[in-house]
Amino acid sequence: MLDLGSGQLAVFKVVHSKNGSQGVAFEIPLVNDGADGLVTSRRVSPYALAEAGMPLAALGSGSYPMPAQDGGKPGLPKFTQLKVD
């Protein structure tokens, strides 16, 4: 799953990889945003993202283990954030 920001989550698979670049195919095609860009056709509510374990505010780089819900050991977040340049 790829987080494009602003509640835009897209499921994709890598179809080829060469010299550090990757070509991907999206499960549901992206749509034109009217400004020569592409966006998902639907956005996920920030509250649904927070409920799933993703913070509402942007995090800096690094690893952020989630606190355990049952008093056990902390686990990994359900989402991973990537910065795409």
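Computed from the coordinates by the stated procedures, all read-outs in this text should not be read as laboratory data. What you see is a predicted model, and the numbers here were worked out from it, not measured in a lab. Cβ coordinates were reconstructed from backbone atoms using ideal geometry, including for glycine residues, and neighbour counts include every protein chain displayed.
Here are some notes:
- The simple spin-label model puts a point 7 Å past each Cα toward its Cβ; for S17 and L4 those points are separated by 2.2 nm.
- Contour minus Cα-Cα distance for S45 and N32 (0.36 nm per residue): 2.6 nm
- Prolate/oblate/rounded call for segment 2-51, Cα gyration tensor, a/c under 1.5 rounded: oblate
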